[in-house]
Structures are given as C-alpha cells and as structure tokens.
Amino acid sequence: MNNHENNFNPFHSIIEFLKSLIRKVDRVTELLETLPSLKDRDYSKPMTVETLCEYLDAAESTIYGKINRNEIPHHREPSGRRIYFFRDEIDAWLKSK
C-alpha cells in the first residue's frame, strides 16, 4: 500500500461539501438580512397596473384583459380612468384559482 491509501478518508469529500454548503447558507442569510422586511411594507396601499404586473410577473396586456373580462379584483376611481388593486384581494384571488 502506498502512503495515499493509508491516509484516505472516505468522509473528506462529504465534509468539504458540507463546509461549502454552510458557507453558501451563511451568504444567503446575509443577503436576506439586507432585504427590506415584509412586515414593514404597507399592503393597504393600492397598487397600480404597473405595480401589479411586477407583483404577478405578468404583461400589462394580460392584466388589462383580465380587467376587461372582470376576472381579477380591481377598483376604479370615480372618473373611471385609474384602475387600482389591493394586495390582500389579489392574494385571495390567487389562492382561489
């Protein structure tokens, strides 16, 4: 037997993998701690079509189509020109789908 075979540790690669994984988890934790807290957001504030598109990762044409077919909870200003949404209503709508 050569010297390398005598010193072979079958768990060495597992240990190194776990160390690498721990470093990655630590980095993700650091990044998450820099994000604004969800509890600090004001979800009672109305969302615009543009904001809703970002929230749902959807195209404006998709949102306007759903509005026209009355498929998505929405509100209009008395003038009828501005459309807005509330996050809790959108979340409930998403859960019901």
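Figures for the structure shown
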| item | result |
| --- | --- |
| Complete set of residues in segment 40-97 that are of a type in the set (G, A, S) and not in a helix (DSSP H, G or I) | S44, A58, A59, S79, G80 |
| Lone unmet requirement of (1) assigned to a helix (DSSP H, G or I); (2) modelled with pLDDT under 90; (3) not acidic (D, E) for P10 | (1) |
| Residue that is nearest to the chain's Cα centre (by Cα), among those in segment 41-74 that are small (G, A, S) and over 15 Å from D91 (Cα atoms) | A59 |
| Subset of segment 38-51 that is at pLDDT 60 or above and not charged (D, E, K, R) - its residue that is surrounded by the most Cβ atoms within 10 Å (Cβ to Cβ) | M47 |
| Matching residues in segment 52-83 - criterion: being in contact (Cβ under 8 Å) with a residue 12 or more places away in the chain and exposed (fewer than 10 other Cβ atoms within 10 Å of the Cβ) | none |
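The values are calculated or read from the model by the stated rules, or taken from the named source; none is laboratory data. Computed from a prediction, not measured in an experiment: that's the story for all the values here. Quick reminder, even Gly has a Cβ in these numbers, built from the backbone with ideal geometry, and neighbours come from all protein chains shown.
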